[in-house]
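This report refers to the structure that appears directly beneath it.
The numbers here are math on the coordinates, done by the rules we state, and not lab data. Bear in mind the structure is a predicted one, so any value in this text is a computation, not a measurement. Backbone-built Cβ (ideal geometry, glycine too); neighbour counts: all protein chains shown.
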Amino acid sequence: MLFGAATFFGGDPAIHGWAMATAAVVAASCALVGTLLVVRRMSLLGDAIGHAVLPGIAIAVLAGGRPGGLFVFVGAVAAALLTVWLIQGLRAAGGLAEDAGAGVVFTTLFAIGVVIISAAPAGTHIDPACVLAGDLTFIPFDTVTIADRAVPRAFLAATLSFAVLAAAAVATWKLQVFTAFDPAAARAAGVPVAAITAGLLAATAVATVASFDVVGAVLVVALLVVPAAAAELLAHRLHVMALIAMALAVVGACIGYLAAWHFNTNAAGMIAVVLGLEYIAAAILAPDDGVFARAFGRLRLAWRVAREDRLAGVWREEESAARGRSAVAAPSLLERCAAEWLRIDGSLVRDGGTWRLSPRGRRDAETVVRSHRLWEAWLGRHADLPLDHLHPPAEWVEHHLGAAMRRRIEVETGWRQSDPHGREIPPEA
Amino acid sequence: MSRAAADPGQDGPRAGGPPLVDFHDVTVAYGGRPVIWNVDLEIDAACLFGIIGPNGAGKSTLLKAALGLVPMVGGSVHFFGKPLREVRPRVGYVPQRETVDWDFPVNVMDVVLMGTYGRLGWFRRPGARERQLARDSLDRVGLADLAGRQIGRLSGGQQQRVFLARALAQQADVYLLDEPMAGVDMRSQEQIFRVLAELKAEGRLVIVVHHDLRTAAEWFDRVALVDMRLVASGPTAAVLTPENLQRTYAGHIDVLEELGRAVATRGRTP
Amino acid sequence: MTLLGLPYNTLVVAVGVAAVGFAAGVVGSLCVLRKRSLVGDAAAHATLVGVAGAFLATGRRDLATLLVGALSAAIAGLAALLLVRRFTRTRDDAATAIVIGVSFGLGITLVSGLPAWGYANSAGLEQFLLGHTAALTAADAMLLTGVACFATVVVTLLFKETTLVAFDAAFAAATGWPVLLIDAVIVGLVAVMVVAGLPAVGAVLVTALVVIPPVAARAWTDRMSTMLLLAGTMGLVAAVVGVLVSAAWPRLATGPLVVLAAAAIFGISFIAAPKRGWIARRLRDAARNA
């Protein structure tokens, strides 16, 4: 069997519990680091580091280090920093674009790592398949005893790295936010931007190594980027985003693990799939600019425009009738629906075959007409537009003007009483 | 250059016909947020036409909208009374210099030949005729001796002239240039201006997005002042009045900006 | 029949993989110049889903079936990338990383689930992870050669159009060229070459085949056509070296060896190329300062 399937160790809940807890903790570490990577547009650097730590780990293991041990961490961090140094060196010395440079560096380093592992004598604790997709199978069995309890070594390493990363994040959060938001200003303000960035890269390496046993070198990019990208769609403040990302990562790791158990397949792959589903859900359901929210916003605007147009239409009909002119264009189907709604709402009254405005409806209608004519007046004064071109833009803008803006336009048009067509601008209600 | 003579007057610039370029109520938005509002502008005679305005006024956006490079949310642009797709070969374009990677592995000749691709169509390679045309174009901008040089090893002014030569190779009747004088040395500026004046003398319309007020007054026959909307347009002397400049450079765009935000979020301004 | 002490089959496979290496270098040059270096990586990681999916759907393990599945999945992965860009405010780099991570996760889930789901003969699909040419047949090599020739011919036919779009997409659009279509051709060819590179290099590393040779070739020349030919040749050499070394040393997967060969070529080019190499630049700087 190529990759470990979760059923390997049967149904002992404690064992599954340890494996799942390990997955959850490394997922949270990666999501925390990934939040900063994503907002700093360094997602692909995270991917590159994920691949490139392999030779560092492999060499450290060959040199006698133990997977999950300190020595391996050091090797991985060194490899990560080497990756970034190489990518930046290729750009500085050879004008190589960052993505092309990353493509050269991480594939090369990963290839070196695979060759070292394949060529290494058997029994060096690295399984080439595990490199690609991780393997939770043996994690619960490699334990150390703490206070009479057998705790998996990988879980300890993961928890320890999470604690270190979380402490570092809390300690440097303000600087991280400043650097992510505006590196130039941060540098000018005396923030050690280079050190902050190097710290983030080292943190990425630590999170990657901690999750190496769980998800391998390739899938770690899913843990780093997907929860953070989903959280970015849901939050606008960085620390909120980080917390949401970690929550999504933990939930995704647990559900993914259980699903892998149920479907008898690789846990890391399934975790990546569940994180992907979480991202899709966030993209669709995000409250401000999710797919649903935007579609709903469009519909709501269309409905508001229809209601306002209908009210203004009735108002204009009354105005034309008073001046003895013929009626305005017939309302559309949507506007007729809007009229019925406005009747229920109490803004319009049906009087035989004609619509009339209730006092409230009149107030609303006058606001719309006022917005329309004010905008025509503003354009007439501040833009070089022929008189017969003023109506269409105003027909659009009238639905977007608030009271404060109307006052400002009134000032900027010099308190005109009439629009450029000579029609009266109704006063503010 | 004898194209105008070769097919005389076919829809060409002539009195009484449709305007050479007609911006009709053009509104352009990025991400739902309008950056150019209701620009309405007709240019009906061959001339040097400047589009002038402050940074971020939407001048380049207006040009790109005319070329179909950014979608309009309202309005339309016609050339010679027809939509762009029917008259593409007659419209030449010089983009901003920074929009391309000058480290690209092509030489000056390759770039100028790109001006002939539109007429060549799919699959056909440029032949002797196109090469001659490209050499003539390079000659006009004074770069004939640099034809074989990689484009990254040119000065900024030379790069801009390569772009102009590429547009000349398009053999168009209307030229749209996006900030051709930005970051360009005096000698190149003069050379570019001389070529533009020649184009005008041949009966072609040259529209230039330009940010420098001092040179605008002496270079252009007609100008449009733009700051998120059209402030004024017409003969240069009549348009570049202190009052119009005041309205362009210290204008009321904060109203338009706030309104743009409201439109983008489908809500209302305060 | 043997040549240079190598069995006939190894030689035929070497020819097929060499053709793929050449075409990947040519196609990759367009992709790198269009500043889309890592698009191939997203497509590559998605292919695993297609390989497993094609096997699940048809029960067949022949290369053509699996590669058709891989190509469908690669295109689906690229479509997902477009959807993320169109409908969310996730930035391009994160979108690429999402497609890489999630599609590869799905692929791993399928491939490792197969044995437990009763598909005992699924062993062999893992050769698509790191590449292994030992199992390829002469017919497979013919297929790969055919695909490589197709891609090379398309680039030759559309050399003018693809160069124009890669250099200045705005000008191309302004002069009436369908930039989206031409971009789709470039990215589609990259997907095709990534898929063709799978058997030899594997999903994880195949992006190297479309990135490293073009970047190395760029160091030697300032002409587009020369760069394409040179990148093709470098890809060819790297592929052949990888196949031969792994034939001689079967414990090693082919993919990493191909990548290391390409990386060696890149290293030499980057340091020693005249004019654009590191040494030449240093000498120029020194001469200027003296």
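Worth pointing out:
- Label-point separation, B:GLU98 to B:THR215 (7 Å along Cα→Cβ), nm: 1.7
- Residues with amide H under 5 Å from that of B:ILE51, placed H, sequence gap 5 or more: B:VAL208, B:VAL209, B:HIS210, B:ALA224
- The label point for C:LYS275 and the one for C:ARG85, both projected 7 Å from the Cα toward the Cβ, are 3.1 nm apart.
- Reduced Cα scattering model of the range A:293-412, Debye log10 I(q)/I(0), q = 0.10, 0.11, 0.22 Å⁻¹: -0.33, -0.40, -1.32
- Distance between the range C:70-138 and the range B:203-249 - C-alpha centres, whole angstrom: 56
- Derived scalar couplings between HN and Hα for the range A:221-227 equal 4, 5, 5, 5, 9, 5, x Hz in order, rounded to whole Hz, by the Karplus curve 6.51 cos²θ - 1.76 cosθ + 1.60 (θ = phi - 60°), x for Gly and Pro.
- Kirkwood-Stokes translational diffusion coefficient of the range C:2-289, alpha-carbon pairs, 20 °C, 1.002 mPa s, µm²/s: 110
- The mean number of partner chain beta-carbon atoms within 10 angstrom of a residue's beta-carbon across peptide C:234-242 is 0.
- Across the protein assembly as shown, the fraction of Cα-Cα pairs farther apart than 44 Å, rounded to a whole number, is 44%.
- Cα-only radius of gyration and Dmax that characterise the range A:198-306, units Å: 17.0, 59
- FRET efficiency for the A:HIS262 to A:ALA120 pair, using the beta carbon distance and R₀ = 30 Å, is estimated at 0.30.
- With coordinates expressed along the principal axes, the C-alpha atoms belonging to the range B:3-264 extend over 54, 41, 36 Å, beginning with the largest.
- The range A:6-286, Cα convex hull volume normalised per residue, Å³: 133
- Rounded FRET efficiency, nearest 0.05, which uses the C-beta distance separating A:PHE141 from C:ALA138 and R0 of 30 Å: 0.05
- Radius of gyration, Dmax [the range C:164-234; alpha carbons; angstrom]: 14.2, 41
- Straight-line reach from C:LYS275: taking Cα to Cα under 20 Å and skipping same-chain neighbours fewer than 8 places apart, the aspartates and glutamates in range are B:ASP101, B:ASP103, C:ASP222, C:ASP285.
- Residue exposure sequence - C:ARG91, B:ARG166, B:ARG194 - by fewest surrounding Cβ within 10 Å: B:ARG194, C:ARG91, B:ARG166
- Candidates A:VAL226, A:VAL191, A:VAL25: whichever shows maximal mean-square fluctuation once chain A is modelled as a Gaussian network with Cα springs under 10 Å: A:VAL191
- Cβ-Cβ FRET estimate between A:SER358 and A:LEU301, R0 fixed at 35 Å, reported to 0.05: 0.90
- Residue exposure proxy: B:GLU190, B:GLU130, ordered by other Cβ atoms within 10 angstrom of their Cβ from fewest to most, comes out as B:GLU190, B:GLU130.
- Rounded to the nearest whole Hz, the Karplus-based 3J(HN,Hα) values (6.51 cos²θ - 1.76 cosθ + 1.60, θ = phi - 60°) of the range A:75-81 follow the sequence x, 5, 4, 4, 5, 5, 5, with x at glycine and proline.
- Bins of 10 Å from zero: percent of alpha-carbon pairs in the range A:224-366: 11, 26, 16, 12, 15, 13, 7, 1, 0
- The distance linking the range C:161-209 with the range C:252-271 is 23 Å (Cα centroid to Cα centroid, whole angstrom).
- Using the rule -39500 (n - 2.57) for each DSSP H run of four or more residues, divided by the residues of the protein assembly as shown, the 222 nm mean residue ellipticity is -21000 deg cm²/dmol.
- The charge dipole of chain B, taken about its Cα centre with unit charges on the Cβ of Lys, Arg, Asp and Glu (plus for the first two, minus for the last two), comes to roughly 740 debye.
- Straight-line cross-link partners of B:LYS82 among the lysines, defined as a Cα under 20 Å from its Cα and at least 8 positions apart when in the same chain: B:LYS64.
- Each residue of the range B:59-74 was assigned a 3J(HN,Hα) from its phi angle through the Karplus curve 6.51 cos²θ - 1.76 cosθ + 1.60 (θ = phi - 60°); the sequence is 5, 5, 4, 4, 5, 5, 5, 4, 8, x, 7, 10, x, 8, 8, x Hz, with glycine and proline shown as x.
- Only Cα sites of the range A:116-257 enter the Debye sum here, all with the same form factor; the resulting log10 I(q)/I(0) across q = 0.08, 0.12, 0.15 1/Å is -0.29, -0.63, -0.91, listed in q order.
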